[in-house]
Amino acid sequence: MNVDNSKIRLVLDIDDTAINSSEQMVKMINKQYGTNKTIKDLKDYAYKSICRNISEEMKYNMFDSIEFFKNVKFKEGFLECCEAFKDEVTFEFLTKGRKLNLTAKYDWMNRYFPYDFGYYGISCDNTKGHNDLSNAVFIEDVTQNLLESNAKVKILIRNNRETEYNRIEPNSGIYAVDNWEQIHTMLDFIIHKDRSNFF
Ligand SMILES: [Mg+2]
């Protein structure tokens, strides 16, 4: 990818940041296990709050599946936000998954994301902290990934959910928002109103 220093690096997680993965997962779990949960019931990363019996292997199999990629969608307001800042930022996705998931996710993005993008797929047990994001805005739904990162600006998208993985402590240097509309407002502030304070 060309490096353009006048542009701000926007580094984005994919699952539950750019696309509505958990909503899709809850639907698939309901179908497979006969449960009747909604996204509001989701409290944990392992989906045990949706189905007590779901194993790690079953969870990852769903994340790898054709059904998942056939039905998953961009989160509300995501593409509108990207469109609004597309001339002022570069897009990079930084995502975890198993091999199959990472390949399918790249293909899905290639097909549906309308702008040039960089893609870093890393294994589930790896840390996003190895990527140097010291000149980037990093947007994530998992607090730990932000804490491990050296990103210049860290934004946590909480999706109106209270879970074990999206709590933040005061003074953690993380901006918390609930949705892409709020990210849009924040990026407008960072890029247009107070850029010198951030970059
Ligand atoms: Mg995520």
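The values are calculated or read from the model by the stated rules, or taken from the named source; none is laboratory data. Remember, it's a predicted structure, so these values are computed and weren't measured experimentally. Here the Cβ is made from the backbone with ideal geometry for all residues, glycine too, and neighbour counts use every protein chain on show.
Here are a few things to note about the model shown:
- Some residue of region 174-192 being at pLDDT below 95, surrounded by 12 or more Cβ atoms within 10 Å (Cβ to Cβ) and in contact with an Asp or Glu (Cβ under 8 Å, 6 or more places away or on another chain): yes
- The lone exception for Lys59 - which of (1) free of Cβ contacts under 8 Å to residues at least 12 places away in the same chain; (2) not assigned by TED's automatic domain parsing to the domain that holds Asp141 it fails: (1)
- Criterion (within 15 Å of Asp16 (Cα to Cα) and of a type outside the set (A, V, I, L, M, F, W, C)) met by exactly one of Gly129, Gly97, Gly34: Gly97
- Pairs, first outside the structural domain of Asp44 (by TED's automatic domain parsing) and touching a residue at least 40 places away in the same chain (Cβ under 8 Å) in region 151-163, second crowded, with 20+ Cβ neighbours inside 10 Å and assigned to a loop (DSSP other than H, G, I, E, B), C-beta under 6 Å, six or more apart: Ala151/Leu133; Ile157/Thr17; Ile157/Asp141
- Residue within region 33-45 that is in the same structural domain as Ser149 (by TED's automatic domain parsing), in a helix (DSSP H, G or I) and either polar (S, T, N, Q) or modelled with pLDDT of 95 or more (or both) present: no
- In the set (1) small (Gly, Ala, Ser); (2) without any contact (Cβ under 8 Å) to a residue 12 or more places away in the chain; (3) in contact with a helix residue (DSSP H, G or I) (Cβ under 6 Å, 6 or more places away or on another chain), the condition left unmet by Gly77 is number (2).
- Filter pass, Asp4 being at pLDDT 95 or above and part of a loop (DSSP other than H, G, I, E, B): no
- In the set (1) touching a strand residue (DSSP E or B) at 6+ places or on another chain (Cβ under 9 Å); (2) surrounded by 15 or more Cβ atoms within 10 Å (Cβ to Cβ); (3) not polar (S, T, N, Q), Gly129 fails one condition alone, (1).
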